[in-house]
1. Taking only Cα atoms, what is the 0 to 90° angle, nearest 10, from helix 14-26's long axis to the longest principal axis of the chain?
2. Among the GluC sites (Glu not before Pro) within segment 1-95, which fall in a DSSP loop and have no more than 14 other Cβ atoms within 10 Å of their own Cβ?
3. Have a look at Ile19, Leu44, Val31 and report the one farthest towards the positive end of the charge dipole of segment 5-70, computed about the Cα centre with Cβ charges (Lys/Arg +1, Asp/Glu -1).
4. Give me the angle, in degrees from 0 to 90, between the Cα long axis of helix 102-114 and the longest principal axis of the Cα atoms of the chain, rounded to the nearest 10.
5. Roughly how big is the chain's charge dipole about its Cα centre, with Cβ charges of +1 (Lys, Arg) and -1 (Asp, Glu), in debye to the nearest 20?
6. Measure nothing but the geometry: give the 0 to 90° angle between the long axis through the Cα atoms of 61-70 and the longest principal axis through the Cα atoms of the chain, rounded to 10°.
7. Among the listed pairs Lys103/Lys124; Lys21/Lys73; Lys103/Lys131; Lys53/Lys103; Lys55/Lys131; Lys6/Lys131, give every one whose C-alpha distance is greater than 27 Å.
8. Highest GNM mean-square fluctuation, the chain, Cα pairs closer than 10 Å: which of Phe112, Phe11, Phe96?
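The values are calculated or read from the model by the stated rules, or taken from the named source; none is laboratory data. This one's a predicted model, so the numbers in the text were calculated from it and none came from an experiment. Note that we place each Cβ from the backbone using ideal geometry, even for glycine, and neighbour counts take in every protein chain shown. Only protein heavy atoms, including side chains, enter the accessible area calculation; ligands, DNA and RNA are left aside. Shrake-Rupley method; radii C 1.70, N 1.55, O 1.52, S 1.80 Å.
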Amino acid sequence: MSDTFKTIARFQYSSEAQIIKGRLEAEGIQVFLSDHLTIDTDPLVSNAIGGVKLKVLSRQALKAQHILDTIKKYSLDDEGNTINCPNCKSEKVELFSTIKDVKSLFWFIFGFLFSSLPFYTKHKYKCEDCKTEFDLK
């Protein structure tokens, strides 16, 4: 088989891709990141260009995919325990940012107009199964 690379995952931010890259390289898999410098320069173009592409050698793609599948994809608390939805008890809970109050909206507009980061946002958790939004505290 030739030494061609195959995209096995895409990430919105390069920091996520770098963490997974380190894990795969620790397992002896050769990894290449595509578009990470572009997104580090301008994070707002991430969705437009399809995010950071994590590529591995084609002959190592199955092993790399198996390792990716073993990594926990959902939120953990500070002690490393899985966060469960208070409504349906599902483990499919993800952290997200929201702009729902006046303060968040003001800082979002200010940041957008003056190209300054970071925006003020409030972080919440959302269950993928029942769509419940909640805080941990």
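1. Between the helix axis and the principal axis of the chain, the angle is about 40 degrees.
2. Working: sites: Glu16, Glu25, Glu27, Glu79, Glu91, Glu94; in loops: Glu27, Glu79, Glu91.
Hits after loop and neighbour filter: Glu27, Glu79.
3. Result: Val31, furthest along the dipole toward the positive end.
4. Tilt of helix 102-114: around 60 degrees.
5. 260
6. Roughly 30 degrees between the two axes.
7. Working: Lys103/Lys124 16 Å; Lys21/Lys73 15 Å; Lys103/Lys131 24 Å; Lys53/Lys103 34 Å; Lys55/Lys131 32 Å; Lys6/Lys131 34 Å.
Check vs 27 Å cut-off fails for Lys53/Lys103; Lys55/Lys131; Lys6/Lys131.
8. Phe112
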